[in-house]
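Rule-based calculations on the coordinates, nothing more; no lab input. Computed from a prediction, not measured in an experiment: that's the story for all the values here. When we count neighbours, we look across all protein chains shown, and the Cβ atoms used for this are built from the backbone with ideal geometry, even at glycine.
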């Protein structure tokens, strides 16, 4: 092949790739604006307005002759009620920042982006795998905006003083570590704890931690096949012990006073408060909690790592809270809303928001290369976002109660682990 032929191939290869990006919606076609796009698109969400103010001002400035986005912050606890009332009266927003755990509840209010406009292939290539929760039967239910993964915060001083170089990479290591780092008297009163697992009421993120353990063990909790959702919590999954039962047994073991790993009970402070006070060796929290922990205890010597995994696991997994940009059926300006949604989940805006919020973006191209000037925590957050998974939670408030009952029934002896999982599975299925 001569130089001229090579040049022709490169030239046409560039335009083929460029064309794919344009028609997939990843790149706009120069400065052309699709018909019907213009005016203001209103976005509601529970994300603090100050985190979106600067990125939105820049976005609106860049697109001042095309469209604008107006964000309205809503209270997380009253968001559902306010949204339903606004839609009923015809005063609702065009878009919402949709948490993954509210997808099932609000799915009937959403206007999916047809796969003809963004194929499932393009979606998978653009966003992290955990975001595939937003892939519906007829189209994309929400464009992934951010991924807030579960990570392991650890107290460097407690580990160093015990002669331990760092936190464990596998869960089984806690079975021996608990006896080393947990401090308790003869009456089993705990003064310092290794790990906040076992109970529910004073373990922050308890439901998500237990869900993570179940997913890591090999059970997705809810499966979707040909558009049909099925609760799989009680499934055997080809194993001797069903994954959910293994996860529940491990979780509750640390609150059992008769076991060597006993390190938690309901009389202790909230797990994050105890970690901030320097009395808890390991805390499982989201990436977004890092700034709050540092603010609560400025002199706390802590670091962050990937959550532990099951021994010899083939695929690493953590849990994450997802957020997507969803267009509503009642939108008065759907074309502009979709166009704005592309911009809000585009590379530039996602990078700006991630820098301000500290929450990883959902885009693969950004997760693969953390900013060069990022702090030492960011690479762990980004790696965690890449391996993060979630599940279709039908009613977060009700499932919180179901998971809590599953734990408390085992701890109290009212149920065996098997029967507790079976009851939780039945209750979840009823919600669907």
Problem - Dimensionless Rg/Rh of the range 158-316 - Kirkwood Rh, Rg from C-alpha atoms - result: 0.99
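Give me the Kirkwood hydrodynamic radius of the range 278-320, using the inverse of the mean 1/r over all pairs of distinct Cα atoms, in Å to one decimal.
On the way: mean 1/r = 0.0809 Å⁻¹.
Its Kirkwood hydrodynamic radius stands at 12.4 Å.
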Completion exercise
Across 231, 359, 84, the residue with the highest GNM fluctuation in the chain (Cα network, 10 Å cutoff) is 84
Exercise for the section: Please give the helix 347-357 orientation as an angle from the longest Cα principal axis of the chain, in degrees from 0 to 90, rounded to the nearest 10. Expected result: 40 degrees
Problem - Label-point separation, residue 416 to residue 62 (7 Å along Cα→Cβ), nm - result: 5.9 nm
Practice task
Over all directions, average the projected area of the Cα convex hull of the range 332-371 and note it in nm².
Solution key: 3.2 nm²
Practice task
With a Förster radius of 41 Å, plug the Cβ-Cβ distance of residue 75 and residue 312 into 1/(1 + (r/R0)^6) and report the FRET value to the nearest 0.05.
Solution key: 0.35
Completion exercise
Fewest-first ordering of 314, 289, 40 by Cβ atoms within 10 Å yields 314, 40, 289
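Over the range 310-432, what is the relative contact order in whole percent, taking alpha-carbon pairs under 8 Å and six or more residues apart?
23 percent
Quick one: 288, 384, 267, fewest Cβ neighbours within 10 Å first, how do they rank?
Ascending number of Cβ neighbours within 10 Å: 267, 288, 384.
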Problem - Relative contact order [Cα under 8 Å, 6+ residues apart], the chain, whole percent - result: 26 percent
Problem - Estimated inter-spin distance, residue 292 and residue 162, nm [label 7 Å along Cα→Cβ] - result: 2.5 nm
Exercise for the section: Calculate, axis by axis, the spread of Cα positions in the range 38-91 along the three principal axes, and write the results as whole Å, longest axis first. Expected result: 34, 24, 7
Handout entry: the range 245-338: Cα Rg divided by the 2.2 N^0.38 Å rule of thumb
Key = 1.59
Practice task
Over all directions, average the projected area of the Cα convex hull of the range 83-212 and note it in nm².
Solution key: 12.6 nm²
Completion exercise
Most fluctuating of 369, 74, 329 in the GNM of the chain (C-alpha, under 10 Å) is 369
Completion exercise
The correct pair for the chain, radius of gyration to one decimal and Dmax as a whole number, both in Å and from Cα atoms, is 23.5, 84
Exercise for the section: Calculate the length of the line joining the C-alpha centroid of the range 66-115 to that of the range 161-207, in whole Å. Expected result: 40 Å
Exercise for the section: Fewest Cβ neighbours within 10 Å first, please rank 201, 258, 331 accordingly. Expected result: 258, 201, 331
Handout entry: Point-to-point label distance, residue 85-residue 430, nm (Cα→Cβ direction, 7 Å offset)
Key = 3.0 nm
Problem - Helix 417-431 vs. the chain, principal-axis angle (Cα, 0 to 90°, nearest 10) - result: 30 degrees
Problem - the range 77-119: C-alpha pair distances exceeding 15 Å, % - result: 49 percent
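At 222 nm, what value in deg cm²/dmol follows for the chain if DSSP H runs of at least 4 each add -39500 (n - 2.57) and the sum is divided by all its residues, to the nearest 500?
It comes out at -12000 deg cm²/dmol, rounded to the nearest 500.
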Exercise for the section: Treating the angle as unsigned and between 0 and 90°, give the value, to the nearest 10°, between the Cα long axis of helix 396-412 and the longest Cα principal axis of the chain. Expected result: 20 degrees
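Contour minus end-to-end for residue 401 and residue 176, with contour as 0.36 nm per residue of separation and end-to-end as the Cα-Cα distance? Walk me through the intermediate numbers first.
On the way: separation 225, 0.36 × 225 = 81.00 nm, distance 3.12 nm.
Taking residue 401 through residue 176 to full extension adds about 77.9 nm, to one decimal.
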Fill in the blank from the handout: Comparing 80, 373, 273 in a Gaussian network model of the chain (Cα, 10 Å), the one with the largest mean-square fluctuation is 373
